[in-house]
1. Order 441, 203 by their accessible area, 1.4 angstrom probe, all chains in place, largest first.
2. Cα-Cα over 28 Å: which of 233/427; 435/475; 132/396; 529/576; 233/340?
3. Tell me, what is a quarter of the convex hull surface for the C-alpha atoms of the chain, in nm² with one decimal?
4. How much of residue 133 can a 1.4 Å solvent probe reach, expressed as accessible area in Å² and rounded to 10?
5. With each pseudo-label sitting 7 Å past Cα toward Cβ, what's the residue 269-residue 29 distance in nm, one decimal?
6. Counting Lys +1, Arg +1, Asp -1, Glu -1, what net charge surrounds residue 495 among other residues with beta carbon under 11 Å of its beta carbon?
7. Is the stretch 441-545 best put as rounded, prolate or oblate by its Cα gyration tensor, with a ≥ b ≥ c the root eigenvalues, rounded for a/c under 1.5, and otherwise prolate when a/b is larger than b/c, oblate when not?
8. Extension gain residue 252-residue 79, at 0.36 nm per residue separation less the Cα-Cα distance, in nm?
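The values are calculated or read from the model by the stated rules, or taken from the named source; none is laboratory data. Model, not experiment: these values are computed from the prediction. Every residue, glycine among them, receives a Cβ derived from its backbone with ideal geometry; neighbour counts consider all protein chains shown. To get the accessible areas, we keep the full protein, side chains included, count just its heavy atoms, and leave off ligands, DNA and RNA. Shrake-Rupley method; radii C 1.70, N 1.55, O 1.52, S 1.80 Å.
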Amino acid sequence: MNETHSPADAQSQLDPIAILDERFREAIARAFPEAAGKADPLIAPSKKAAMGDFQCNAAMALGKMVGKNPREVATAIVEAVEVGDIAEPVDASSIAGPGFINITLRGEALAGLLGELAGTDLGLPPVGSPQKVVVDLCGVNLAKQMHVGHIRAIVIGDAVARTLERLGHTVVRQNHVGDWGLPIAMVVDYLHHENAAGRLDLDTVTLDDLDGIYKAMKARTGAGRTGLRLAQKWDLGPKVVAELEAEVADADDAMARAKATLVALQGGEQWAVDLWQRISDITMGACIDACRRLHTRITLEASAGESSYRDELAPMVDDLIKRGVAEEDGGALVVRGEGKDPPALVRKGDGGFLYATTDVAAIRRRVQDIGASRVIYCVDVRQAMHFRQVFAAARKAGYATTPAGIEASLEHAAFGTILGTDGRPFKTRSGESVKLQDLLDEAHDRALAAAERSEHVSTTEREATAETVAMAALKFADLSTDRVRDYVFDFDRILAFEGDTGPYLLNALVRIKSIFRNAEERGVGDAWKDAPIRVEHEGEKQLAMSLLRYPSVVRAVGEHLEPHRLCQHLLEIANKFSSFYQVCPVLKAEDDATRDSRLRLCELTARVLEDGMGVLGLPTLERM
Ligand code: ARG
């Protein structure tokens, strides 16, 4: 990625692994100039605590590279390396086995780094040169019910956007709504006729109704054709053929009317535009409501639907032809890429534009008008080919170059399918796709049913807590697995308070916060907030090392667009905290200085967890 690291970023290097990596890299360059830049220090956590905290495993590969025995290489590295400020000195006695170098971090050094981490920005000051980034997310379609797949485009898209915002970039969320074309025109046409005939009340139409109309219209326009061909071939008799012919005629009629309606829409005829607007309001109302429930920052303002490009397509295609970027192919117009992929189809034989045409126009607007130097698509992996074609076409046309001449990075942050516990795409018992709203409601109901009833908690508060737990559970499940992989959706597992779940994380944070309430009740006062942090006990050290990695994990998520890395890291921190808390008493510590230092560790852990959950877009609770 064309990430620019300003000096401020360099100063904020707190990650012990990254620091060691840098020091050993420098040592290798000094000891073996011929291998400089080629040998990886291979810093890894130690397998056994007795061996120290980390190992440098570079000597083996480096030995081969420079033609020396690995132990000799390790000896040269320990002589050249400077780690005194962060680790115990390394020397010949640090070398083990064939040439591993054991490293033990110093508690005072970790305490110093924690002091820096505790600054206002938790080791993540805004990047020196922020990028403008467009994140394409959500992508619902008008007149269609949102289903379970959309949760991924919403939740992952928003988490990616939040990560980049946290790093200091300027993010524009764009919901590329499927709101244009013949299928929508069919629904408009249907509403128009039924309304005129007095059979339909536009004010009471729901998204479910629209979804039904959409499906019926698609079935109707495609009806009869295959059947008719077979009936004629197998000579099924005049009655069957006549019936099917009538169906086909009806389909042709419906199609012709839809085309006429599309022309009316395109021409801005008021009746058509009004109906389109009604369909859009109904669909987007439900969409934005789900986005809000899912605790995302996707609002109506973020919509830049396919319809918003409609007037740009014809002139753009003319431009592609004029400059020889697009070429005729069997009546259609295509843009050929360089690799093996089939070309992008930008105009059909009948003159109509396609999904790909709009996406090429979207890149042009995003890069050249909005000025994005990075455009990220959070879309199903099954569209991978589509995006490769579209990216190639846009680059070839020069549309992916900013006015300042910067080649924008176009990235498909693809995600896999949500599977049921049977390993097949997640469906209802009757085999239909699961409505997003039903999924959210069921998660809520289950969380509510599982909540303990206590007299101290009002019904409203219990409802609110259940909603938070449910949304955190759904989102964490969606974010915590490797993005491109399919994952199995199992309500029981994701809502559990044990295991790698959202509720576990929520609860971990709530429990840390309760320590401060206890401290207050015990009259501990506030002085601990300025106390120095000490890292002496192994439990403190383990926690410190995880906390210090937080900034580099968030940066890695921003670079690779993999929120699961942060999910896993927050779980690690929660686990390290729980081990620390078991072995290191806080309020009952042996002396006040230890107590105060541990209170500060608790506070820092809570801040990091809360910040990280904010980056992922997970809602949090004060108590539960
Ligand atoms: N509406 C599309 C679909 O349901 C998703 C849109 C994704 N974004 C894009 N720029 N193509 O498949």
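1. Numbers: 441 55, 203 125 Å².
These residues rank, largest area first, as 203, 441.
2. Long pairs (Cα-Cα over 28 Å): 233/427; 233/340.
3. Result: 37.2 nm².
4. Answer for residue 133: close to 0 Å² accessible.
5. 7.0 nm
6. Values: positive: 446, 493; negative: 442, 445, 490, 492, 498.
Computed value for this residue: -3.
7. On the way: a/c = 3.31, a/b = 1.39, b/c = 2.38.
The shape class here is oblate.
8. 54.0 nm
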